Each structure stands twice: as structure tokens, then as C-alpha cells.
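Report on the structure given below.
The values are calculated or read from the model by the stated rules, or taken from the named source; none is laboratory data. All of these numbers come straight from a predicted model, not from anything done at the bench. Note: ideal-geometry Cβ built from the backbone for every residue, glycine included; neighbour counts use all protein chains shown.
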Amino acid sequence: MANERLRGCIAAAQLSIGDVAGRLSVDRKTVERWISTGRLPHRRHRELVAALLRAEESYLWPEVLDGDRVKSASEAELVALYPNRGAVPGPGTGSACGSRSAIQPPMRCAYAGRRKASAKAWPGASASA
């Protein structure tokens, strides 16, 4: 999974991948792997990158936080969170998955759920599911 936060901060600082690699005395491919594969750098490199980009290490690499802090950092990026699909406002309400104008950025709307083992089968589901 790509590290878009790191990519964005490098671009915002008007630096190239080669600039970052040079200042950290690491290979350019190493920095590219941090971005493209989401690989977690060693602690000293994370600290140097965060200082260079003037960003929090935990913002660039949320996985270094403990469980509660990861959850709060991830939820900070959410626009809205609903307990189930039925709670999501319908189209035309101007919120959640409703219509958006051409000048607004694209938005993702997703629902993830899990059926409890003791619940009745969903309509159309086979009995063996």
C-alpha cells in the first residue's frame, strides 16, 4: 500500500525523491520503497524525514502509534462514520453519498460489514454460506 502522505509531504516541500535520499544518505530506491510499498523505515530515518519535511512522524507513518492513537488518527480523515448501511443518508440530501457538484473533489463511499454466524441467512445466500 502506497504511502500517499509521505509522497504529498515531499511534493509540498518542493523536494524530489533524490533530494530526500541525498539528505538522508540512503539510496534513492530506498525512499521509493518507503513511498510505493509503504515500507516502514528505521527509526532514525523516520525521525530525519519528519524533521526534513516538517511533519509529525506519526502523520507520515501512523503504524508507529499504539492501537488507540492509530484509530483516532485514521478517524480524523473520515468525513462521516455510520454504524450500518441503513443509517447512511440517501441521495439528494447533499451529504454522505449524495450528489456532488463538478467543482468538489471525488469522494469515496463504502460500507463494510460482517454477518454474525447466528443470524439468519441473507436473501439469496446459499444455506452453506
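Summary of values
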| read-out | value |
| --- | --- |
| Some residue of segment 24-32 being of a type outside the set (S, T, Y) and part of a loop (DSSP other than H, G, I, E, B) | yes |
| Selection status of A13, at pLDDT below 95 and touching a Leu at 6+ places or on another chain (Cβ under 7 Å) | yes |
| Qualifying residue in segment 91-103 (condition: at pLDDT 60 or above and part of a loop (DSSP other than H, G, I, E, B)) | yes |
| Count of residues meeting criterion [under 15 Å from R46 (Cα atoms) and of a type in the set (A, V, I, L, M)] in segment 1-29 | 7 |
| So R43, is it farther than 21 Å from E4 by Cβ and at pLDDT 80 or above | yes |
| Residue pairs meeting the criteria (Cβ under 8 Å; at least 6 apart or on separate chains; first within 12 Å of A55 (Cβ to Cβ), in segment 1-15; second of a type in the set (S, T, Y) and in a loop (DSSP other than H, G, I, E, B)) | I10/S16 |
